[in-house]
1. With the condition being at pLDDT 90 or above and outside the structural domain of ILE395 (by TED's automatic domain parsing), I'd like the strands (runs of 3 or more DSSP E) fully within segment 196-289 carrying at least 2 qualifying residues.
2. Looking at GLY475, is it within 30 Å of TYR397 (Cα to Cα), modelled with pLDDT of 65 or more and surrounded by fewer than 15 Cβ atoms within 10 Å (Cβ to Cβ)?
3. Among (1) over 30 Å from PHE219 (Cα atoms); (2) of a type in the set (A, V, I, L, M); (3) in the same structural domain as GLN264 (by TED's automatic domain parsing), which single condition is LEU83 missing?
4. Give segment 30-64 a look and list any residue that's of a type in the set (A, V, I, L, M) and either over 17 Å from PHE105 (Cα atoms) or modelled with pLDDT of 90 or more (or both), or say none.
Amino acid sequence: MSSYQASVLLVDDDPAMRRILSKWLERDGYHTSGVSDGREALEAIQANCPDFLITDWEMPQMDGLALCRGVRQMNLPSYVYILFLTVKSAPAEMIKGLEAGADEFLAKPVDQGELLARMHAGARVLELQRRLGQLARTDALTGLTTQRVFYETLEREWARVKRSGAPLSCAMLDIDFFKRVNDVHGHPAGDAILKSTAELLQKNCRASDLPCRYGGEEFCVLLPDTTEEDAVRWAERVRKTLSGNVISNNGRDLRITCSFGVAQRQDDTQTAEELVDQADQALLCAKQSGRDSVVAFQSLSDANNVDVRKSSRHGVFQDITASQVMSPMVACLGQDESVGQAADFFLRSRINSTPVVDADGKLVGILSEKDLMAAMVSLKSWQTPVRDVMKPNVIWYEEDTPIETIYEFLCRVSIRRVVIVAGDRPIGTISRGTLLRWFRNLVVAKGLLEHELNAREIPNADARRSRHRMTEAAGALEALASDLQSRLRAERDVVPYIVGGATRMQDLVNDLLAYARFAGEPAGAAKPLTVNANHMD
């Protein structure tokens, strides 16, 4: 306790005893204050927790034993070392005091040397307790607070802002390709990067901010009295600082980038944990859209989460890739097209978002109806090129990505659609609706929705005949598509052909799904499948 002036609360109904104890202790470097009974002591401790409590046993209102029990029941920020002053020295009485929570006894009349010696012993105990507490509250590698301490502070801030209405934001950041650093340069290099990142975070935080090491290469920063807009500006500034930082390790200069997700507490944010989860969702989008970027939660479309259960989906998604599920891209917007042309494109296509490409067909952004609405402030803005209003951060996946990965992403975050690319070129999209349609078609094809199959008779549904029927249906679909193309070139009023052709195509697709149930079975073996409720093959 030598690093600061320890505080002592003296509790005794004898003012003369309080004065002499205070004189001895202050000469030895302690800061003292005094009250006359146990009730006053509890109020004083609640207002300002001391390091030591020295109390008499027998007092009016509340005696020392009841005071000791009361202190031990309080939720205090630090441990209080309690010394009893008493003329009671019988073993039974000392046991009562120890069981009530006392640490030490001092017999009356008090000897100055003995008092100070016992105080010094107590100070050693408190110093050890303080060091252990510091270890438990601080990450050993980076020196930042731990996740547990972060949440304790967040809960207190949450209660404060609920009363005051002040803004509260949270930022999560993740070091990009950190595993690659450990694999290529070794774990000492990874540790050096974590330390350097933590130091830069601390330098760029205010006294009221709280950065913590959330886990692994992930950090979280609590930003009190900060809106999401201001949090984005802070994160962008820190991102640029981190990307320009050079970390020296064994004669090598290493550079890193970080991805950020930020979120602000809103009126409909139910819990403190939900705020952190929203920042984590935004972080996930930042990483999936190319990394080294900042994404705000409010820039995502909605805020619904889905409970993802791996055990129930393994058989469904096994060996399925994005290219097998995606809705193919018929056309994309060019970045040099105008806002007016984009509006016409959206209305004709009946879509609410589309990828944007450059002159070479490479993916450069995404445009939504919301972006167009924000741009429609004047007729002049309709001539604005799409590249000025699109979002450059696109959530994309390669065509050979397992569909399970995309499913997990769309369940976890609030964004509704991702773009599928081959190289740098968009070739399709997958939305929640895409996955729902794909899953519905899968279970129909496997005969898991019996009412879909019973709606039509399928005579002689053996494997050979089913494959033949599927070939006929596929050929009919091809012929219908060819006929529609020729009608679109030749006819002025194409609506009747489109409606009729689409209806016939839908019937043929249903036939394909129905016959697919029997296509892989031996002749004569067609029968309903037995379905395990927890697994689907």
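The values are calculated or read from the model by the stated rules, or taken from the named source; none is laboratory data. These figures come from a predicted structure and were not determined experimentally. Note that we place each Cβ from the backbone using ideal geometry, even for glycine, and neighbour counts take in every protein chain shown.
1. Answer list for segment 196-289: 210-215, 218-224, 258-264.
2. Considered against the rule, which asks whether it is within 30 Å of TYR397 (Cα to Cα), modelled with pLDDT of 65 or more and surrounded by fewer than 15 Cβ atoms within 10 Å (Cβ to Cβ), GLY475 comes out as no.
3. Every listed condition holds for LEU83 apart from (3).
4. Within segment 30-64, the subset of a type in the set (A, V, I, L, M) is 35, 41-42, 44-45, 47, 53-54, 59, 62.
Selection gives VAL35, ALA41, LEU42, ALA44, ILE45, ALA47, LEU53, ILE54, MET62.
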